[in-house]
Each structure stands twice: as structure tokens, then as C-alpha cells.
Amino acid sequence: MVITSNLILPFSYSFVLIPAKISHYDPTAPYADFRSANAHLPNLPFVATFTPAAAFYSRNPDYWLNFSFSGRNDSWLIKNGKEIYTGATVAYGIDDLPDSFVAVIDRWGFGKLDPSVQTFINNCVPLYEAENIGVVQCSQ
């Protein structure tokens, strides 16, 4: 059996040896600049809607604002009350968060939050805002 590669047949992609020089990003894919938000984080408990990106560009979030990624039960993301990627404590609502905190909220995640949480976040003090992302400081 012969396995061809994209070196011999560049349009078959049956077995890739060299990377393709095309973009696989979909223009409708959510994007938020977590890197730019990092510079605006005071030293307070840190809450995020999308913990892997927040952890990669700044520090591990202390809390994750729980929402369903798929619209179904996403309980597989939670083990022992912690989010599986960063170990952030799962917050199911505002009552599960500390009295004062800073939150990095991306537009996609914000749209999936419970409306009562959205209202609370909208009343927080904005520290930074860019396309599809914001940093807010909240107090209860």
C-alpha cells in the first residue's frame, strides 16, 4: 500500500508532511483579544467567561462564570466544583462570587450568561474595553 503525501500530490492532503498555507479561521468564529485585556487587571480575585484564553494571556482565573458552551448540559467541564482546564472555582451566579472582583468578559461568553448575571456585569465599573472583550471591576 502506498501512502501519498501533499509533497507528491499537493491537492490530495491524504497524509500531510508540510503545513498547508491556507487560513483555517472562519470569519464567524468568536475572537477576543485576551492579551490586551491582561494589562488592565488589578490585583483582585479574577473572574473569566473563557478560562483557557484568560489563563494563557494573564493568570489562572479564580472563578469561572458558568454557562453552557453547547446549549446542553456541559457538566463534563466541571470536576469537584472546579473548571477542568484551569481549576477555577465554578460560579453559577453572582452569589457564588467574592464581594469584590475583576472580570474579563468576552462578548461570546457574555451572550451565553444568565440575564441576571449580564445585568450585574453591565453595572460594574469598566476598566478596559476593546472589540469583543472588556475588563470590569465589580462589587456586591
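The values are calculated or read from the model by the stated rules, or taken from the named source; none is laboratory data. Note that the structure is predicted; figures quoted are calculated from it, not measured. Here Cβ is always computed from backbone atoms with ideal geometry, including for glycine, and neighbour counts include all displayed protein chains.
Could you look through the stretch 115-140, keep only residues that are in a loop (DSSP other than H, G, I, E, B) and touching a helix residue (DSSP H, G or I) at 6+ places or on another chain (Cβ under 9 Å), and pick out the one that is modelled with the highest pLDDT?
Selected residue: N132.
When you go through L65, L17 one by one, which is the residue that is exposed (fewer than 11 other Cβ atoms within 10 Å of the Cβ) and either farther than 19 Å from L127 by Cα or modelled with pLDDT of 90 or more (or both)?
L17
Given the conditions (1) touching a Phe, Trp or Tyr at 6+ places or on another chain (Cβ under 9 Å); (2) over 14 Å from A91 (Cα atoms), report the number of the one that A130 does not fulfil.
Among (1) touching a Phe, Trp or Tyr at 6+ places or on another chain (Cβ under 9 Å); (2) over 14 Å from A91 (Cα atoms), A130 violates only (1).
Just to verify a result, which residue in the stretch 99-126, among those that are charged (D, E, K, R) and out of contact with any strand residue (DSSP E or B) (no Cβ under 6 Å at 6 or more places or on another chain), is farthest from T49 (Cα to Cα)?
So the residue we want is D99.
Exactly one condition in (1) in contact (Cβ under 8 Å) with a residue 60 or more places away in the chain; (2) under 16 Å from L113 (Cβ atoms); (3) over 17 Å from the mean Cα position of the chain (by Cα) is false for T49; which is it?
(3)
What single numbered condition from (1) touching a residue at least 40 places away in the same chain (Cβ under 8 Å); (2) touching a Leu at 6+ places or on another chain (Cβ under 9 Å); (3) crowded, with 16+ Cβ neighbours inside 10 Å fails to hold for S100?
Here S100 clears every test but (3).
Working only within the stretch 43-64, note down all residues that are of a type in the set (A, V, I, L, M, F, W, C) and not in a helix (DSSP H, G or I).
Correct list: L44, F46, V47, A48, F50, W64.
Would you check if there is a residue in the stretch 22-30 being modelled with pLDDT under 85, surrounded by 12 or more Cβ atoms within 10 Å (Cβ to Cβ) and part of a loop (DSSP other than H, G, I, E, B)?
Within the stretch 22-30, one or more residues are modelled with pLDDT under 85, surrounded by 12 or more Cβ atoms within 10 Å (Cβ to Cβ) and part of a loop (DSSP other than H, G, I, E, B).
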